[in-house]
1. If you take the residues in region 57-68 that are within 23 Å of the chain's Cα centre (by Cα) and without any contact (Cβ under 8 Å) to a residue 24 or more places away in the chain, which one is surrounded by the fewest Cβ atoms within 10 Å (Cβ to Cβ)?
2. Could you please find all residues in region 35-90 being closer than 30 Å to residue 123 by Cβ, hydrophobic (A, V, I, L, M, F, W, C) and not in a strand (DSSP E or B)?
3. Could you check, for region 69-83, whether at least one of its residues is without any contact (Cβ under 8 Å) to a residue 40 or more places away in the chain, surrounded by 14 or more Cβ atoms within 10 Å (Cβ to Cβ) and not small (Gly, Ala, Ser)?
4. Give region 10-47 a look and list any residue that's at pLDDT below 95, charged (D, E, K, R) and more than 30 Å from residue 63 (Cα to Cα), or say none.
5. Does region 93-116 contain any residue that is open to solvent by 80 Å² or more (accessible area, probe 1.4 Å), part of a helix (DSSP H, G or I), within 22 Å of residue 12 (Cα to Cα) and at pLDDT 90 or above?
Amino acid sequence: MKKKKRLKRKCLICGKYFHTTVYENRKYSNGHYFGKIPAPIKGTGEWKKVGTFKFGKLKGNTVKWTGKEKKFEYWECNLCYEEAGHRSWLEDKITKFYGKKCPDFEPGCIVCRAWEFYDDIKNGNEK
């Protein structure tokens, strides 16, 4: 019989707790694991500029944390993971059929109205 361990984890998107079963072959049965992510420990260092970057029209500074870091596991519950996939699909479809989102909203513009529909869904304001 395979060994398994039942763990309680917190979704980093919605904040709800869920249980996952991890088997000895390192596979799991619930949730989605993205690895360990470092987070800076406040008061132990500072963000220091180490360079610059340019990506198309976007320019900025490259920074590095000089202090201590704590690693934590990045988990998402099944619902949040699936919702992100659906939103991504809808965004792709709206872009394909209507084009990119306009910088200014015009109530009579079909493109603006399509993106308003998407924003309502994304923000939980389904009508």
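The values are calculated or read from the model by the stated rules, or taken from the named source; none is laboratory data. A quick note: this is a predicted structure, and the numbers were derived from the prediction, not measured. Reconstructed Cβ throughout: ideal geometry from the backbone, glycine too, with neighbour counts over all protein chains shown. Only protein heavy atoms, including side chains, enter the accessible area calculation; ligands, DNA and RNA are left aside. Shrake-Rupley method; radii C 1.70, N 1.55, O 1.52, S 1.80 Å.
1. If we filter region 57-68 for residues that are within 23 Å of the chain's Cα centre (by Cα), which is where we start, we get 58-65.
Of the ones still in play, those that are also without any contact (Cβ under 8 Å) to a residue 24 or more places away in the chain are 58-64.
On the way: 58: 7, 59: 9, 60: 9, 61: 11, 62: 10, 63: 12, 64: 11.
Going through the qualifying residues, I end up with 58.
2. Across region 35-90, the qualifying residues are 77, 79, 80, 84, 89, 90.
3. Just the residues of region 69-83 that are without any contact (Cβ under 8 Å) to a residue 40 or more places away in the chain, to begin with: 69-72, 82-83.
Then keep just the ones that are surrounded by 14 or more Cβ atoms within 10 Å (Cβ to Cβ); that gives 83.
Cutting the leftovers down to not small (Gly, Ala, Ser) gives us 83.
Yes.
4. 24, 26, 27 - these are the residues of region 10-47 that are at pLDDT below 95, charged (D, E, K, R) and more than 30 Å from residue 63 (Cα to Cα).
5. no
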